[in-house]
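The values are calculated or read from the model by the stated rules, or taken from the named source; none is laboratory data. Treat the numbers as computed from the prediction; the structure is a model and nothing was measured. Here the Cβ positions follow ideal geometry from the backbone for every residue, glycine too, while neighbour counts run over all protein chains shown. Areas reflect the complete protein model, heavy atoms only, side chains present, ligands, DNA and RNA absent. Shrake-Rupley method; radii C 1.70, N 1.55, O 1.52, S 1.80 Å.
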Amino acid sequence: MTPLIYSTLIISLGIGTTLTFASTHWYLAWMGIEINTLAIIPLMTQSHSPRATEATTKYFFAQATASATLLFAATSNAFFTGSWDILQTNNPLSYTLMTLALAMKIGLAPLHSWMPEVMQGLTLLTGLILSTWQKLAPFCLIYQIQPHSPNLFMALGLLSIVAGGWGGFNQVQLRKILAYSSIAHLGWMVLILSFSPPLTLVAFSTYLMMTFSLFYSFMMTKTTHINSLSTSWAKIPTLTALTPLILLSLGGLPPLTGFLPKWMILQELTKQDLALVAVLAALFSLFSLYFYLRLSYTMTLTMPPNNPAGTLPWRLNPSHNTLPP
Amino acid sequence: RLIQMSLPNISRVPASRLLRSVRDLRWLLRSIAPLAVPRRALTQMGYRRPGQPREDKPPWWRVKFDLSKGLKGMKRHFQLLKEEFFAEFVGPMGKPIIEHMLEQNQVVWEFRGPHSLQEWTISCDREIGGKSEIYLKIGKNNETCLLYGTLCSDPPKDGETRYSGYCTMRAKQPLASFDRKKYHDWSSFNTLHLRIRGDGRPWMINIIAETYYTHQKDDMYSYFLYTRGGPYWQDVKIPFSKFFLAHRGRVQDDQHRLWLDKINAIGFTLGDKADGPFQLEIDFIGVCKDYAHTEDFAYEKYKRNPEV
């Protein structure tokens, strides 16, 4: 792809999200989301392999369905209430449809089935954009919709935590693990949205930082499978020692950063007399913790079989400045 | 009644002036002969091997209702579902993670009894009217399988087929409970390892991966297998990076590497235009991880169009 086209697509991604952030009219917000979808499509099919094309097609179908539903919901809200303002979404049917459409956009359970297959077909860089940047615009809209009843968000949140943990249970493909991790984290964010939107923002920002770090670690070691992760110690030893911290942070273990949003969410849920929901969320997060621990175990805590030539890359590749001079 | 229809009689059918150029009446008469079932039901019922009698029955008539067989089938499928469910608690693909990590060799297909032959299907150009023959049997001591037969390159005399002479053996798609597709996940490995004993003929190994679009259903990744004719066994190791993409046997311009996470089947094809008997004995087909092989894809990709 020529630099001009590549930069046009990246700028379009930025413009789409910014447009959605800055809009108060549903049409403009929807347009921003559509620009985002259309801009990432060529980035996903860059490699021309059938798996990338399949991932792009599935992504397009899911996003187009969600966009159509969102537009229909916005139009019906304007029909019933006479207002196109995002903050004036009062009609219950419209509000529910919008929530479901945006849930499908970001990959919340039970509308999450497209996410692992799509992530599996992409390169790590495109997967990173999908997991982080592409979530900003729909999340901005979810944040602005005034919740009439917290039940829908809680149901979506709990289902996502379960689906994210159960789905990633026995995965060996790193991109699929990251997809399920994304689903689970989005579940936590949406769970507390009705009660404390700032906590959702805290959870989202920590999720962005941790996911970006993890994707970048996998990009530096060029690993997409758990077995290739296990031999990555030979490429960048320092990163191998630090990546478990990112993984355990994603798992929500104290005293790492990822524990903070989970703790505060559980505290807020308890204050809202939803102790059962808090217990269920914490219990189902153990599934996610299991596969993060498994990744840490294979990467850092064990020494799998390797040949002598495979143990040398860290000496031969000086471009990685992770070793002390 | 059909034979009595002559060409001048047919010409009276509207828009049939072009029919006068038809020399062979058989295919024409077959197309306008009345049938008990609509044409669409017949053409979409599936593949019919040449020589088999045409089934002139509606689709619902062809179903064999057998309650005991149905109950046994349901029991088998639920049993498989239960096993799959509990295998998830053991580890990925039913194996503990430590075994998955330490595994460097895996035997995927081996032939240890007549039940092993159920996983394979054989075919030759007899399907299109040719004269080749192919058979598959278990070798001596139930240790190997023997694929043998006769290759004949004479094309069938149907007026349109120009080339013939192929024999092939292909693994069946593994199925999970309720006949769902299951895939082989070879992403931990990078080399195909076969132990075979041939007769000196060159074979083609085809790997069929899972695709998405219907126009990709005949895509396969192929590579050559040259056999030695001697009595000694041959260990063949082919890296997956060497497999090239072909569609219906035609090598594609837009090549890419074989994705190993969803493999459907493997096949062996003989089409070397050397008429006569052939034999191929296979001990096992496995995959292995060669740490010294770091190549991603063996073929350079050229940009065919100006970059947009």
Rounded to two decimals, the Rg over Rh value of segment A:149-308 from Cα coordinates and the Kirkwood Rh reads 1.02
From DSSP H assignment alone, runs of 4+ in chain A each adding -39500 (n - 2.57), the sum over residues rounded to the nearest 500 puts [θ] at 222 nm at -23500 deg cm²/dmol
Which whole number gives the average, over all residues in B:174-187, of C-beta atoms from other chains lying within 10 Å of the residue C-beta?
1
7 Å from Cα along Cα→Cβ at both B:Ile98 and A:His48: what's the point-to-point distance in nm?
4.7
Accessible-area composition of segment B:104-288, carbon plus sulfur, in percent [1.4 Å probe]:
49
With a 1.4 Å probe and every protein chain kept in, tell me what percent of the accessible surface of chain A is carbon plus sulfur.
72
In nm, give the distance between the simple-model label positions of A:Leu301 and B:Phe297, each being 7 Å from the Cα along the Cα-to-Cβ direction.
3.8
Looking at segment A:1-31, residues buried by 30 Å² or more relative to their chain on its own, accessible surface at probe 1.4 Å, turn out to be A:Thr2
Chain lengthening between B:Glu88 and B:Glu110 when straightened (0.36 nm per residue, less Cα-Cα)
5.4 nm
Have a look at segment A:41-79 and report residues whose accessible surface goes down by 40 Å² or more when the remaining protein chains are included, against the chain on its own, probe 1.4 Å, ligands and DNA/RNA excluded.
A:Pro50, A:Arg51, A:Glu54
Over segment A:74-171, give the accessible area per residue in Å² for a 1.4 Å probe, as an integer.
33
With just the Cα atoms of chain A, tell me how far they stretch along each of the three principal axes, in Å, largest first.
71, 52, 34
Return the value, in Å² to the nearest 100, of accessible area buried between chains B and A (probe 1.4 Å, both sides summed).
2700
HN-Hα J in Hz across segment A:231-240 - Karplus 6.51, -1.76, 1.60, θ = phi - 60°, x for Gly and Pro
9, 7, 4, 6, 8, 9, x, 5, 5, 4
Over 29 Å between alpha carbons, listed pairs B:Lys140/B:Lys172; A:Lys235/B:Lys303; A:Lys262/B:Lys182:
A:Lys235/B:Lys303; A:Lys262/B:Lys182
To the nearest 0.05, how large is the calculated FRET efficiency for B:Glu119 and A:His148 if R₀ is 56 Å and r is the Cβ-Cβ distance?
0.50
Here the Cα Rg-to-2.2 N^0.38 Å ratio for segment B:104-288 is 1.03
Suppose we compare each residue of segment A:207-234 in its chain alone and in the full protein complex with a 1.4 Å probe; which ones drop by at least 50 Å² of accessible area?
A:Asn227
As an exercise, use a Förster radius of 56 Å and the Cβ-Cβ distance of B:Gln173 and A:Ile5 to find the FRET efficiency, rounded to the nearest 0.05.
0.90
